[in-house]
Every structure is written in C-alpha cells, then in structure tokens.
1. Scan the range 249-282 residue by residue and report those that are touching an Asp or Glu at 6+ places or on another chain (Cβ under 8 Å), among the aliphatic types (A, V, I, L, M) and within 27 Å of SER373 (Cα to Cα).
2. For the range 336-349: of the residues being among the β-branched types (Val, Ile, Thr) and open to solvent by 20 Å² or more (accessible area, probe 1.4 Å), which is farthest from ALA306 (Cα to Cα)?
3. Has the range 329-344 got at least one residue that is more than 26 Å from GLU242 (Cβ to Cβ) and either at pLDDT below 95 or not hydrophobic (A, V, I, L, M, F, W, C) (or both)?
4. Looking at the structure I just gave you, is SER63 over 23 Å from PHE237 (Cα atoms), at pLDDT below 90 and surrounded by 14 or more Cβ atoms within 10 Å (Cβ to Cβ)?
5. Just checking, which of ARG230, ARG158, ARG215 is of a type in the set (D, E, K, R), out of contact with any Pro (no Cβ under 8 Å at 6 or more places or on another chain) and under 30 Å from LYS316 (Cβ atoms)?
6. Please specify each residue of the range 118-146 satisfying the condition of being in contact with a strand residue (DSSP E or B) (Cβ under 9 Å, 6 or more places away or on another chain) and open to solvent by 30 Å² or more (accessible area, probe 1.4 Å).
7. For the range 123-154, what are the residues that are assigned to a strand (DSSP E or B) and in contact (Cβ under 8 Å) with a residue 40 or more places away in the chain?
8. Just one of THR187, THR164 is free of Cβ contacts under 8 Å to residues at least 12 places away in the same chain and touching a Lys or Arg at 6+ places or on another chain (Cβ under 6 Å); which is it?
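The values are calculated or read from the model by the stated rules, or taken from the named source; none is laboratory data. Just so it is clear, the model here is predicted, and its values are computed rather than measured. Virtual Cβ from ideal backbone geometry, glycine too; neighbours counted across all protein chains shown. Just the protein is used for accessible areas: all its heavy atoms, side chains included, with ligands, DNA and RNA removed. Shrake-Rupley method; radii C 1.70, N 1.55, O 1.52, S 1.80 Å.
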Amino acid sequence: SSSVLSAPPTYQEAWSIVKKYALDQTFHGQDWDEAYTKFSKGLDASTTDEEKVMKATANLISSLGDKYSRVLDKDAYARIQKFDLIGVGATLMPDSTTKEIIVGAPPIAKSAADLAGLKVGDVVLAVNGVETNGRTAFDIIDQISEDPNAGTVTFTIRSIDGVTRDVPLKREFAEAKDPVSYRVSETRSDGTKVGYVRITEFNSLVKTSLEAALRDLESQGVDAYVLDIRGNPGGAFQSAVEIAGLFMNDKLATDVVDGNGVDLKFRTSKDRVVVDENHPLAIWLDGRSASASEVLSGALRDNCRAVIMGDTSFGKGLVQAVYGLKNGYGLVLTVAKYLTPGGTDINKVGIVPDVPKDEALPPAPGFVPLLGSDTSHVDFVDVAKRLSPDMCTRAD
C-alpha cells in the first residue's frame, strides 16, 4: 500500500498528482496504490539515475491508458510554455473549497514564480493591487493582458504560514508566433463587406492579436465574418473562452467537469465585445480542428452567435493540465472534460457542422495541401436567418 512510499521523489510527485487530479478516478481500472509499487520496482528513495526514474514514471503514467497524459522531458516542458498567458510560470486556479485564487501547480523550474519561492496552495490576494476576491482566474488573466507589454506583474501572496507579502515577478514568454491573419475578402453587390480571419493556434498572443484584427476590420466597415479555424489543433483553453467574449457578452462559454465531479462554469467577459452582435459569423472547421477550437465553436454556436461550416471537428473534449515536476520535467494529465453550453460532450464526437463543406467552403484541389480562403460561397442571409431567435434557441 501507499503507506510505504519508498520511490524517488519525482516518481512520488507524479503519482500523487495523478491520484489527486486525474479525471479518471478509476485509474484505468487499477488500484493506484498497487500501481505505485508495481512500476517503481527496483527503485528506492535514494535512486539518482534520472533516466531510470523517469522511465518508471513514464510507465506509471502510460498505465492510465490515456493518449493525452504523458511525461515531458525538460526540452518539451520548456516548449509547452508558449501557452503560459501570464508569463511568470505560475498556474492560477480557484481553491476547490474556499474558491480563493491559489497557485495551483508547482511553478515552472527557474521561472519568476519559482525563483520568488511561490508554492502550491499560496493564496493570490491581489494582482497589481487589484483584489482577486470574487474574480475568476480568467478575469485576472484578462486584467494582466490589458497591458501585454508590461515587463512585471505584482502578486500579493498569503503563504501557507499566513504571512502576506507583495511579490513583483518578471514576465517572460517563450517565443510564440502571431497565429492570426486577416483581410477584407470581398464586398458584395448587396453591400455586405466580408472579413476573413484565420487562427492557426491558441497561444499566448492570440487574444491580443485577434482583438486588434477585429477592431481593424470593424473600422473598415466589415459587417459579416468568416472565422477559419481549420487545421487548428488548439492550445490554451482559456484563450478560447476569452476570444468568445470578443463576439458575445457575458454568456456561458463552456462547462468544465473534473474527476471529483466539480463543475466549473466559464462565462465570457462582460463588456469586451468588439464585433457588433448583429454581424453574422460563420466558423470553418475540419477534422483537424481540436480542443480549444472546439470549445470556441461550441460556445459561439450554442449561444446562437455563429453557424458552423465544413467537416466534423476532431473531437477532443478533454482538458489537460501541465504540472512542473521538481526536477524540471513536466507531467501532462487529463484532469477534466468540457461540455458545450448546450451540454454536448465534445470528446470523440466533435462539433458537427450546420452547413456541409461542399455548400459553403472554397473547393480545394484534393492533391494540394492548401486551404483556400474564398468566402464567396457563404450565404450570409442564410447565416443571419439561422442565428435568429425564430430558428435558434440559446443555451443559457
């Protein structure tokens, strides 16, 4: 049993994270204490052979039978930081009982949060002097991203021993590429001006970049939109919720349900809408649109804000958290699943389009891996009709 925990610290750390946070609390039908012993055979607390320890840890994680849960080596863990929206190496989440905002995972090794001594369970009382009480982690990310170029952010921390202190943290981002491209694609004979926007991934730059693109298009008089997220594998799930808020005000975006049955409802921000809510929106999806792409599509569709066109999406309705292990490796673990506002469980099903590809999307020559951006086949009169209260029932 786990009363005799005698494996190396990193192995033990990974085992404990899974025990506490895994979505699948049956652990793929195995006794997790027995798994501890089984996969740590030949190791003890003093084993220093890192390769051996991490191999055992990887075997332990793969016994969960979940293709998304895995151990990351130091390089891979560093690469995944491009989805860090705050830039200080700390994950903020609500405490499951007190609802206070806490540091939810061990800070990334050598990040600002780590160097400042932040620990799991530290309560974040304020950010840049603004109290966190009654606000969500997303509200705080929103607040920080209002000044994307600020080099520092100050957390007011109450540590486990009750001591409160202000901690200024230097923000650093792994190099992320701007994932947004856009243009006015056509002005139609009936006067409709169409804006075409493509998002290739949901990284730390996406919200700021997309907001600027949409403001530019609105200022040019665009009054109908195509949002092309074909081939977009996802990224930071928070960004999808934030982006939905550029199109609709204070609506349920997604429901996140974890392994302990806790259901968190994520709403879009209040008063951050950039696109006139009467401007029709079509979203283009394909079988490679996954995860955050599906959260965004489901949020906009179930709130009667967008019509989905193209092919059924990939079907990844699972949320992974990334945990930093003390030796600089990382653990990616499936911790929750998400449901669209209307209650659809995306996983393995995907978002099924309202309008099939051949009716609305540019015909693509089969042998060329190019995605065309010709919007002329999209019937925006039909889109507006489908989004009208007569034809569409809102989720919330």
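1. VAL274, VAL275
2. VAL349
3. yes
4. It is false that SER63 is over 23 Å from PHE237 (Cα atoms), at pLDDT below 90 and surrounded by 14 or more Cβ atoms within 10 Å (Cβ to Cβ).
5. Going through ARG230, ARG158, ARG215 in turn, the sole match is ARG230.
6. Those that are in contact with a strand residue (DSSP E or B) (Cβ under 9 Å, 6 or more places away or on another chain) and open to solvent by 30 Å² or more (accessible area, probe 1.4 Å): LYS119, VAL120, LEU125, ASN128, GLY129, GLU131, ASN133, ARG135, THR136, GLN143.
7. Result: VAL153, single match.
8. THR187
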